[in-house]
Amino acid sequence: MAEDAERTAVKAARVAKGTTFKICSRIDPVTGKNICKTCPELRRAHGDGGSRWSTSHGTWGYQLELPAHSDGRRGRCSRPWT
């Protein structure tokens, strides 16, 4: 029984963790830099006083933190959805 709990713990530790995000490729005319996540058009006002993601502006992306390899090296994957 203890062996089963050990296997479950090892499997749980190997699950990749990640996040989703939305970015914009607009360039700030003053600085000439990409404004990415700070673009004011990425969010829209909502009736409850908060804000929601815009349905017509920006690109969704994701980032995964992959589990470490057996030698301890870390892997990472990040790419926008197309």
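The values are calculated or read from the model by the stated rules, or taken from the named source; none is laboratory data. None of these values were measured; they are calculated from a predicted model. Backbone-built Cβ (ideal geometry, glycine too); neighbour counts: all protein chains shown. For accessibility, only protein heavy atoms count, side chains too; no ligands or nucleic acids. Shrake-Rupley method; radii C 1.70, N 1.55, O 1.52, S 1.80 Å.
Here each label is just a point 7 Å from Cα along the line to Cβ, and for Cys36 and Ser54 those points are 1.8 nm apart.
Annotation for the stretch 12-59: trypsin sites (Lys or Arg not before Pro) lying in DSSP loop with at most 12 further Cβ atoms inside 10 Å of their Cβ are Arg14, Lys33. Here each label is just a point 7 Å from Cα along the line to Cβ, and for His69 and Thr20 those points are 3.1 nm apart.
Remark: the stretch 16-78 carries 75 Å² of accessible area per residue (probe radius 1.4 Å; ligands, DNA and RNA excluded).
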